[in-house]
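The values are calculated or read from the model by the stated rules, or taken from the named source; none is laboratory data. All of these numbers come straight from a predicted model, not from anything done at the bench. Positions of Cβ are generated from backbone atoms using ideal geometry, with glycine treated the same way; all protein chains shown enter the neighbour counts. Side chains included, ligands, DNA and RNA excluded: accessible areas come from the protein's heavy atoms. Shrake-Rupley method; radii C 1.70, N 1.55, O 1.52, S 1.80 Å.
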Amino acid sequence: MKKTLLSATIGAAVLGAASAASAATLDDVKAKGFVQCVVNTGLAGFSAPDASGNWTGFDVDYCRAIAAAIFNDPSKVKFTPTTAQTRFTALQSGEGDVMFRNTTWTINRDTALGLNFRTVNYYDGQGFMVPKSLNVKSALELSGAAVCVQSGTTTELNLADYFKANNLQYNPVVFEKLPEVNAAYQEGRCDVYTTDQSGLYSIRLSLSNPDEHMVLPEIISKEPLGPAVRQGDDQWFDIVSWSHYAMVQAEEFGITQANVDEMKNSENPEIRRLLGVEADSKIGTDLGLGNDWAYNIIKHVGNYGEVFERNIGKSTPLKIERGLNALWTDGGLQYAMPIR
C-alpha cells in the first residue's frame, strides 16, 4: 500500500497523456459535475465501500471536501478504486482528478512520475503486526520470522534494510495483491505482517479474531501520506493543497461543523477571512472558487480533527491516537500555512 516501483517505461508512456489531461482540471471538473477521486479498493477507516456501495473513510472525506469547495455539495464525487500497482497509472492517465489513497510522498513520485505532492494529511511509518501468541514485544525479537509483505513496494525494501541493519534473519513471504497478503497472514503462512502502521490497525480489524493480534511499537520508516495531482496545473494543485490547510486552520480556530455559522459573526479578522465574510477577502477568487469555499468544506465535512476522529480516532474501532497528527499547538506536526 506504499511506494510502488513503476518501471521507467510505463512512467514515460503515460506522462505525455498526463500532461495533456492535467490542464484546466477545475474547468473539466465543473463541466462533468463531479470530482473523480483515486482511492484504495478498501481500507477500513480510510476508504471503503459498504454493501450499498457508499464510500466512507478519512481519505474519502478529503475527496468530499474538494467537492464541497467547488460545488457546495460533498456528494459530487465519484471514486476510482485502485491497487498499489494501478494507483499512479490511474491518476497519470486521467482516470482520476486527484488521489487520496494512503500514498507516501517521495522524491521519485514527486518528479519521475509526473505527480505533485504538497501537503501531508497523515504522518505515518512502517510497522509490524504479530499474533499475541508469538509472545513478541519488539521487532528486534523477530529474527528468523516469516514476514508477509506486498511486492513491488518499498515496504519490501524498508523491511530488508531494517533486518540487515539490525543483523536479523527473516524469510519474506511475498504477494502482489493486498488481499493475498491479508489471507496469508490470517492463514498463518507467516509470523509477521508489515506495512504502514495505519494500515496495520485497519487490517487487524478484518481478521477473524482481531484481539489475538498486536501492532509492535517500532516504526522503521517515515511515511508522509497525502494527496497527489498531475503536474502541469497549478490552480488545481492549489485547490487540493489549500483545502487541507483550511481544515487544519479551522480546527486551530475551534471552528466546527456545528458552530461554523455562528463563527461567521466572529470579530476575529482571520476567522472572517477564512469563512469568506471579511470585506477584503479574495482568497476564494484567487483559487478560482467562491469566497465561501472554506466555509463549505467545514460545513459539509468538518475540520481536520473532526475528520480524523470520525474515521480513525479513539472513538472508532481503529482507536488511533493523534500523535504526530495533532496540531502543532498540541505538539504535533499538523500546521496550516497562513490563509490570508
* Among residues belonging to the range 131-153 that are open to solvent by less than 20 Å² (accessible area, probe 1.4 Å) and under 24 Å from the mean Cα position of the chain (by Cα), point out the one that is farthest from THR103 (Cα to Cα). => CYS148
* Just give me the residues in the range 171-201 being of a type in the set (Phe, Trp, Tyr) and part of a strand (DSSP E or B), in sequence order. => PHE175, TYR193
* **Only listed residue being small (Gly, Ala, Ser) and within 21 Å of TRP328 (Cα to Cα), chosen from GLY276, GLY313, GLY284** => GLY313
* **Extreme residue, most open to solvent (accessible area, probe 1.4 Å), among residues of the range 105-126 that are under 16 Å from GLN334 (Cα atoms) and part of a strand (DSSP E or B)** => TYR123
* Residues within the range 162-183 that are in contact (Cβ under 8 Å) with a residue 12 or more places away in the chain and within 25 Å of the chain's Cα centre (by Cα), tallied -> 8
* Every residue from the range 19-35 that is modelled with pLDDT of 95 or more and open to solvent by less than 30 Å² (accessible area, probe 1.4 Å) -> THR25, LEU26, VAL29, GLY33, VAL35
* Only residues in the range 314-340 that are under 13 Å from SER198 (Cα atoms) count as the first member; pair them with residues that are of a type in the set (S, T, N, Q), Cβ under 6 angstrom, at least 6 apart or cross-chain, and list the lot. => ASN325/GLN334
* Considering every residue within the range 254-264, establish whether at least one is touching a residue at least 12 places away in the same chain (Cβ under 8 Å) and farther than 24 Å from TRP328 by Cβ. => yes
* Residue identified as in contact with a Gly (Cβ under 7 Å, 6 or more places away or on another chain), of a type in the set (Gly, Ala, Ser) and more than 21 Å from LEU134 (Cα to Cα) among SER202, SER198, SER221 -> SER221
* Asked: Inside the range 195-220, can you point out the residues that are open to solvent by less than 40 Å² (accessible area, probe 1.4 Å), aliphatic (A, V, I, L, M) and closer than 16 Å to GLU321 by Cβ?
  -> LEU200, VAL215, LEU216
* Given the conditions (1) closer than 21 Å to THR82 by Cα; (2) surrounded by 14 or more Cβ atoms within 10 Å (Cβ to Cβ), report the number of the one that PRO179 does not fulfil. => (2)
* Structure fact -> In the range 52-82, anything in a helix (DSSP H, G or I) and hydroxyl-bearing (Ser, Thr, Tyr) is listed as TYR62
* Asked: Filtering the range 72-104 down to residues that are β-branched (Val, Ile, Thr) and over 25 Å from THR194 (Cα atoms), which residue is surrounded by the fewest Cβ atoms within 10 Å (Cβ to Cβ)?
  -> THR80
* Taking THR194, is it modelled with pLDDT of 95 or more and within 23 Å of VAL39 (Cβ to Cβ)? -> yes
